[in-house]
């Protein structure tokens, strides 16, 4: 009679182990996806700022009929000082603009680059935008 009054409540060890295994499987699926989305969100900064740099370069070209080079040094942020484009916040990329000289049949142009200050594994994340507004990056940066 005493045993019947006592209720058997709680979980068995096997039930707890099954729950831990399920959580482990879900984490193994979710964490790589989360890291990939996090990387892509950081890359949005590079895309946005390269687009802004291209607009500033085109505006400068419209007024002065030439493009302007800008490269970050230890002392100055020449994107701000040279182009007048201030990148707010804590940028995750270093930006530079190099000039491409005119060749036979092709006009002068520029190439803007964004190089990640945070290294993902062995490969750095580098984006490039040409004067023709073609945006490229190394394909394995978020893998």
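The values are calculated or read from the model by the stated rules, or taken from the named source; none is laboratory data. Just so we're clear, the structure is a prediction, and the values are computed from it rather than from any experiment. Neighbour counts are summed over all protein chains in view; Cβ atoms, including those assigned to glycine, are modelled from backbone coordinates with ideal geometry.
Worth a mention:
- Set side by side, the residues 21, 30, 96, 54 differ, and just one is modelled with pLDDT of 90 or more and either more than 26 Å from residue 125 (Cβ to Cβ) or not in a helix (DSSP H, G or I) (or both), which is 21.
- Number of the condition not met by residue 87 [criteria: (1) touching a residue at least 12 places away in the same chain (Cβ under 8 Å); (2) not in a loop (DSSP other than H, G, I, E, B)]: (2)
- Here residue 60 meets the list (1) buried (at least 16 other Cβ atoms within 10 Å of the Cβ); (2) modelled with pLDDT of 80 or more; (3) under 27 Å from residue 40 (Cα atoms); (4) out of contact with any strand residue (DSSP E or B) (no Cβ under 7 Å at 6 or more places or on another chain) almost entirely, failing just condition (3).
- If only residues of segment 102-120 that are out of contact with any strand residue (DSSP E or B) (no Cβ under 9 Å at 6 or more places or on another chain) and either part of a strand (DSSP E or B) or at pLDDT 80 or above (or both) are counted, the one that is farthest from residue 132 (Cα to Cα) is 120.
- Scanning segment 121-143 for residues that are outside any loop (DSSP other than H, G, I, E, B) and at pLDDT 65 or above returns 126, 127, 128, 129, 130, 135, 136, 137.
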